[in-house]
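The values are calculated or read from the model by the stated rules, or taken from the named source; none is laboratory data. Here the structure is a predicted model, which is why all the values come from computation and not from measurement. Here Cβ is always computed from backbone atoms with ideal geometry, including for glycine, and neighbour counts include all displayed protein chains. Accessible surface is based on the protein model in full, side chains and every heavy atom, while ligands, DNA and RNA are left aside. Shrake-Rupley method; radii C 1.70, N 1.55, O 1.52, S 1.80 Å.
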Amino acid sequence: GRKIKIALTGNPNVGKTTLFNALTGSRQHVGNWPGVTVEKKSGRVSYKDYDIEVIDLPGTYSLTAYSMDEIVARDFIIEEKPDIVIQVVDASNLERNLYLTTQLMELGSEILIVLNMCDIAEERGDRIYIEKMEELLATPVIRTVASQKKGICDLLDRVIEQKEIQQHHGHEIGYGTEIEDKILEIEKVLAEDETRDTRYPLRWISIRLLEGDSNVREKISKSPVYDRVMQIIDSIDQEEYEAEIADKRYLAINTVFPQMCTRANDKLTKSD
Ligand code: GDP
Ligand code: MG
Ligand code: K
């Protein structure tokens, strides 16, 4: 069959492994990521005319390089370029899960959001407006209850559709004139290095450097333009930039979140 490679990502305890098992059954392989003691799980599913490879990435709250799990997850997404990155989201904890979404979008990957644990959200009386969510995030959104194997076929159908359409999904966040100017400045210098690893998006590297990401810094340390990039970084108040970038992400989330969801608690407060 035709090949599709998908990666599962998401915060810990959102049902990623349960979904992975529901998708791949016994066709699994467990090993380690090269060079590190982080577990790597991959598996296969044959669906319609497709041979789909599924990678269960380590669970992470963000992709900021605070842990080996985060580095493994983001390097895989950038270097192996899965056709689709599936973010498994806990529907009963949607807002908290969106921070990772903003970071995934910056990696430039095709994203599909799986809204898992819909049973819990429903039971509690939360309402999530799927079409609004798809529109605001510019990604497909599929409901699942992985522990009951609900929504699996819908998900696979959508994966195939997204693979065939190959249109870019996901909104990027704007960080305001000052930071955007710095991002452009760094991008320009980085682009002069013809030996650079082109799998890493220039915008992503630039933002990460402004946030003080030492792992990304290490990655470009052998570059002939390294010193010039560091001059730009040294010219800014790095901590201030880091805080402002995080603020802009939370602002973006706070803007879209109330439009895509009404929680049972919200309704109670309104009628008070
Ligand atoms: P992971 O850390 O993201 O890999 O999460 P797991 O797959 O280990 O799941 C965490 C817990 O949530 C387990 O006890 C699962 O049985 C449970 N779980 C997974 N999906 C669902 C779901 O859709 N609804 C409910 N109610 N529980 C789920
Ligand atoms: Mg897991
Ligand atoms: K794992």
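Failed condition for P82, given (1) modelled with pLDDT of 95 or more; (2) more than 16 Å from ligand 1 (Cβ to nearest atom); (3) more than 16 Å from L8 (Cα to Cα), with all others met?
That leaves (3) as the condition not met.
Looking only at the stretch 1-56, which residues are charged (D, E, K, R) and farther than 23 Å from S109 by Cα? Walk me through it before giving the result.
At the first step, the residues of the stretch 1-56 found to be charged (D, E, K, R) are 2-3, 5, 16, 27, 39-41, 44, 48-49, 51, 53, 56.
Those that are charged (D, E, K, R) and farther than 23 Å from S109 by Cα: R27, K48, D49.
Please work out which one of (1) open to solvent by 40 Å² or more (accessible area, probe 1.4 Å); (2) closer than 23 Å to A252 by Cα is the condition D126 fails and give its number.
Going through (1) open to solvent by 40 Å² or more (accessible area, probe 1.4 Å); (2) closer than 23 Å to A252 by Cα one by one, D126 breaks only (1).
With D213, D197 as the choices, which residue is out of contact with any Pro (no Cβ under 8 Å at 6 or more places or on another chain) and either within 27 Å of L137 (Cα to Cα) or among the aliphatic types (A, V, I, L, M) (or both)? Walk me through how you get there before you give the answer.
Numbers: D197 fails: either within 27 Å of L137 (Cα to Cα) or among the aliphatic types (A, V, I, L, M) (or both).
It is D213.
Inside the stretch 204-250, can you point out the residues that are over 23 Å from S67 (Cα atoms), in contact (Cβ under 8 Å) with a residue 24 or more places away in the chain and not in a helix (DSSP H, G or I)?
Residues satisfying the conditions are S223, P224, V225, I236.
Can you tell which of D75, D69 is modelled with pLDDT under 95, of a type outside the set (F, W, Y), out of contact with any strand residue (DSSP E or B) (no Cβ under 9 Å at 6 or more places or on another chain) and within 16 Å of ligand 1 (Cβ to nearest atom)? I'd like the intermediate steps shown before the answer.
Values: D75 fails: within 16 Å of ligand 1 (Cβ to nearest atom).
Matching residue, one of D75, D69: D69.
Determine whether the stretch 27-40 contains at least one residue that is within 13 Å of ligand 2 (Cβ to nearest atom) and among the β-branched types (V, I, T).
As a first pass, look at the stretch 27-40 and keep what is within 13 Å of ligand 2 (Cβ to nearest atom): 28, 30, 38-40.
Remaining after also requiring among the β-branched types (V, I, T): 30, 38.
Yes, the stretch 27-40 has at least one match.
Could you tell me whether any residue of the stretch 30-40 is aromatic (F, W, Y), within 15 Å of ligand 3 (Cβ to nearest atom) and either in a loop (DSSP other than H, G, I, E, B) or within 30 Å of T262 (Cβ to Cβ) (or both)? Don't jump to the end; show me each part of the working.
Within the stretch 30-40, the first condition is being aromatic (F, W, Y), and the residues that meet it are 33.
With within 15 Å of ligand 3 (Cβ to nearest atom) added as a condition, the list becomes 33.
After this cut, where a residue has to be either in a loop (DSSP other than H, G, I, E, B) or within 30 Å of T262 (Cβ to Cβ) (or both) as well, the list is 33.
Yes.
F76 passes all but one of (1) open to solvent by 30 Å² or more (accessible area, probe 1.4 Å); (2) within 22 Å of S206 (Cα to Cα); which number fails?
Only one criterion is unmet by F76, namely (1).
When you go through K3, K16 one by one, which is the residue that is within 11 Å of ligand 3 (Cβ to nearest atom) and either among the basic types (K, R) or touching a residue at least 60 places away in the same chain (Cβ under 8 Å) (or both)? First the steps, then the outcome.
On the way: K3 fails: within 11 Å of ligand 3 (Cβ to nearest atom).
Going through K3, K16 in turn, just one is within 11 Å of ligand 3 (Cβ to nearest atom) and either among the basic types (K, R) or touching a residue at least 60 places away in the same chain (Cβ under 8 Å) (or both): K16.
Table: residues versus (1) of a type in the set (G, A, S); (2) closer than 26 Å to F257 by Cβ; (3) in contact (Cβ under 8 Å) with a residue 60 or more places away in the chain.
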{"site": "I142", "(1), (2), (3)": "no, yes, no"}
{"site": "A146", "(1), (2), (3)": "yes, yes, yes"}
{"site": "D154", "(1), (2), (3)": "no, yes, no"}
{"site": "K163", "(1), (2), (3)": "no, no, yes"}
{"site": "H171", "(1), (2), (3)": "no, yes, yes"}
{"site": "D181", "(1), (2), (3)": "no, no, no"}
{"site": "E185", "(1), (2), (3)": "no, no, no"}
{"site": "T198", "(1), (2), (3)": "no, no, no"}
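Would you mind stating whether A7 is at pLDDT 95 or above and assigned to a strand (DSSP E or B)?
Numbers: at pLDDT 95 or above: yes; assigned to a strand (DSSP E or B): yes.
Against the criterion (at pLDDT 95 or above and assigned to a strand (DSSP E or B)), A7 qualifies.
Based on this model, can you work out whether S62 counts as assigned to a loop (DSSP other than H, G, I, E, B), surrounded by fewer than 19 Cβ atoms within 10 Å (Cβ to Cβ) and not β-branched (V, I, T)? Talk me through it step by step, then tell me what you get.
Working: assigned to a loop (DSSP other than H, G, I, E, B): yes; surrounded by fewer than 19 Cβ atoms within 10 Å (Cβ to Cβ): yes; not β-branched (V, I, T): yes.
Here the answer is yes, as S62 does meet what is asked.
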